Amino acid sequence: MQHPGLRERKKQATRDGLIDAALELFDEQGVDETSVEQIAERVDVSPRTFYRYFAAKDDVLFADTGGRADRVAAVLRADDSTRSLLDVLCGAAVELASMLVSEHRRSVLRFRVIEGNDRLRAHFLRDGEEVADLCAAHAARRLGLAPGDLLPRLLGSCTVGALRAAHRRWLADPDLDIVAEVRTGFAVLADLDVSTNVDATTRAR
């Protein structure tokens, strides 16, 4: 495996520094109240350097979106049809959950900033739809259906929903195992009829 050269490592370090600085400032004073100049100053680079990496300051919050979609696509491409479809979709959600764990501090800051801004929440939801669409398209291929049919669309939405539910619980409790939580969510989805008909006494436990 070829390792990145010094030039690429420096570029990555600058990009990472800009992301971290932006998230900290957004969390401290709000996205709309933070300027590109302030972000650049905190990293000791010029605003021009910022724009080499990001077209606008909002883009910092979604800098890794493309990478996440690529990881999901890779998991789905590796499906050899020997596992159940739900298991494959769970694997895609687990892949994203593992990425969140690997960048815990950024995940917490990013989500806190996004939750406080309607414009950013809308962007966040659109990005989730991209993953749902990938999963729906894969489910359709496995089931011999059209991607727009009800079942594939429902499976794609459930994949993203299971991840989001686990993500919110993990942000509230960092000691929670988010990967295990995603798997539990899919176990519930696998038998919703049983899960939604448990009597109140059992549910209270």
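The values are calculated or read from the model by the stated rules, or taken from the named source; none is laboratory data. Fair warning: this is a prediction, and the values are worked out from it, not measured in the lab. Cβ coordinates were reconstructed from backbone atoms using ideal geometry, including for glycine residues, and neighbour counts include every protein chain displayed.
Points worth noting:
- Test result for Thr82, closer than 21 Å to Ala187 by Cβ, loosely packed, with under 13 Cβ neighbours inside 10 Å and of a type in the set (S, T, N, Q): yes
- Sole residue being of a type in the set (S, T, N, Q), within 20 Å of Phe111 (Cβ to Cβ) and without any contact (Cβ under 8 Å) to a residue 24 or more places away in the chain, chosen from Thr65, Thr34, Thr82: Thr34
- When restricted to residues that are surrounded by fewer than 17 Cβ atoms within 10 Å (Cβ to Cβ) and more than 11 Å from the chain's Cα centre (by Cα), region 59-72 contains 2.
- Restricting Phe26, Phe54 to residues that are touching a residue at least 60 places away in the same chain (Cβ under 8 Å), within 30 Å of Thr159 (Cα to Cα) and surrounded by 12 or more Cβ atoms within 10 Å (Cβ to Cβ) narrows the list to Phe26.
- When residues of region 89-128 are limited to those that are touching a Ser or Thr at 6+ places or on another chain (Cβ under 7 Å) and either at pLDDT below 90 or outside any helix (DSSP H, G or I) (or both), the one surrounded by the most Cβ atoms within 10 Å (Cβ to Cβ): Leu100
- Members of region 158-186 that are of a type in the set (Ser, Thr, Tyr) and either buried (at least 17 other Cβ atoms within 10 Å of the Cβ) or closer than 14 Å to Val88 by Cβ (or both): Thr159
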